[in-house]
1. What is the residue count in segment A:80-105 for residues that are outside any helix (DSSP H, G or I) and either within 9 Å of another protein chain (Cβ to nearest Cβ) or among the small types (Gly, Ala, Ser) (or both)?
2. Since A:Thr55 meets every condition but one in (1) surrounded by fewer than 20 Cβ atoms within 10 Å (Cβ to Cβ); (2) touching a helix residue (DSSP H, G or I) at 6+ places or on another chain (Cβ under 8 Å); (3) facing chain B (nearest Cβ under 7 Å), which condition does it not meet?
3. Among the residues of segment B:132-156, what is the count of those that are within 12 Å of chain A (Cβ to nearest Cβ) and either among the hydroxyl-bearing types (Ser, Thr, Tyr) or at positive phi (or both)?
4. Tell me, yes or no, whether segment A:58-68 has at least one residue that is under 30 Å from B:Thr55 (Cα atoms), within 10 Å of another protein chain (Cβ to nearest Cβ) and modelled with pLDDT of 95 or more.
5. Give B:Leu117, B:Leu80 a once-over and let me know the one that is in contact (Cβ under 8 Å) with a residue 60 or more places away in the chain and of a type outside the set (Lys, Arg).
6. Which of the following residues is within 25 Å of B:Pro9 (Cα to Cα) and of a type in the set (A, V, I, L, M, F, W, C): B:Phe119, B:Phe60?
7. Step by step: first the residues of segment A:110-131, then only those that are of a type in the set (A, V, I, L, M) and more than 10 Å from chain B (Cβ to nearest Cβ), then the one that is nearest to A:Gly77 (Cα to Cα). Which residue is that?
8. Just the residues that are touching a helix residue (DSSP H, G or I) at 6+ places or on another chain (Cβ under 9 Å) and either closer than 24 Å to A:Leu100 by Cα or among the polar types (S, T, N, Q) (or both), please, taken from segment A:30-46.
Protein chains: 2
Amino acid sequence: MSINPELDPELDLELQRDVNLPAEALWRGWTEPALLVQWFCPRPWKVVECDIDLTPGGIFRTVMQSPEGDNMPEGIGTYLVVEPGRRLVWTNMMGPGFQLKPEPAELHLGFFFVVDLTFEPLPGGGTRYRAVCRHQTAAAREAHEKMGFHQGWGIALDQLVELMALPA
Amino acid sequence: MSINPELDPELDLELQRDVNLPAEALWRGWTEPALLVQWFCPRPWKVVECDIDLTPGGIFRTVMQSPEGDNMPEGIGTYLVVEPGRRLVWTNMMGPGFQLKPEPAELHLGFFFVVDLTFEPLPGGGTRYRAVCRHQTAAAREAHEKMGFHQGWGIALDQLVELMALPA
């Protein structure tokens with residue numbers, strides 16, 4: 001796989017944190033539906049459905065539910081890079097089989113993105129977790145930031161770490 | 001890799017032909033810049049520059065030149081699937097490192113696409129060559145068809161077959 005290019009500060013958002021879990025645990029949380037539904041959105045929101053076909057061009061589908069019990073429109077994406085335990089790249093620009101989505105205004109989030117996740121082992125057994133979210137335009141990046149990207153992804157990561165730190 | 005979904009007749013264009021060359025020859029034509037420049041656009045148009053980093057997220061860049069000698073804006077894309085000799089998927093929606101492009105109206109072609117190429121060996125040494133080009137909207141598909149997709153890709157394939165059939 002190609003080296004990640006530098007972060008583009010006009011188009012990309014980033015969350016990086018060193019966590020006290022092996023990369024394998026974070027990877028499982030991101031790739032097993034029964035685990036993902038337990039942490040992927042900040043409580044009291046929930047993920048109530050999740051489908052994962054963990055291969056480039058395979059589906060990544062989630063349905064979120066509001067605290068009032070209303071299901072949101074399903075979020076459908078596809079994987080671009082699957083390097084077990086190391087790197088996972090996915091996007092909402094395409095569905096399974098790399099079928100293109102219509103214009104982003106028709107999606108419930110209102111913009112396209114690519115998420116590039118890397119899991120870098122650290123001495124001592126921890127992991128440098130890095131999530132880069134790329135956008136088409138500076139306006140989309142700003143909208144995503146104002147929606148609370150850093151807080152939301154940070155809380156979700158807290159939930160992931162809490163989940164995977166439990167005795168198996 | 002996931003099985004290709006069915007063709008979507010509203011969004012996809014397709015060129016399929018059985019050719020009398022091994023899959024490996026067609027693959028080389030698509031993936032070696034020195035070969036690609038010789039067939040990739042119908043003559044008397046030319047490809048005058050080509051960069052290929054043959055890995056998911058790697059660059060696929062071409063510059064075409066009109067018969068009058070004018071260079072077109074460069075076309076930049078990236079690879080999504082690289083299965084040597086079997087399947088090559090690339091798109092103009094993203095550049096290297098999966099960095100998203102701005103809205104398609106700002107691109108010289110005016111629309112986004114994903115090209116899904118498969119090379120299926122046939123008994124007797126030939127290959128079933130299939131190129132599926134996926135679009136975001138029915139309007140983009142129609143515009144691409146009216147630009148002469150079938151004729152253009154057919155002529156380019158003729159040129160590829162002619163090139164690779166020459167003694168090495």
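1. So the answer is 13.
2. The number of the failed condition is (2).
3. Within segment B:132-156, residues that are within 12 Å of chain A (Cβ to nearest Cβ) and either among the hydroxyl-bearing types (Ser, Thr, Tyr) or at positive phi (or both) number 1.
4. Looking for residues that are under 30 Å from B:Thr55 (Cα atoms), within 10 Å of another protein chain (Cβ to nearest Cβ) and modelled with pLDDT of 95 or more, one finds at least one in segment A:58-68, hence yes.
5. Answer to the check: B:Leu117.
6. Only one candidate passes the filter, namely B:Phe119.
7. If we take residues in segment A:110-131 being of a type in the set (A, V, I, L, M) and more than 10 Å from chain B (Cβ to nearest Cβ), then A:Leu117 is nearest to A:Gly77 (Cα to Cα).
8. A:Trp30, A:Gln38
The values are calculated or read from the model by the stated rules, or taken from the named source; none is laboratory data. What you see is a predicted model, and the numbers here were worked out from it, not measured in a lab. Reconstructed Cβ throughout: ideal geometry from the backbone, glycine too, with neighbour counts over all protein chains shown.
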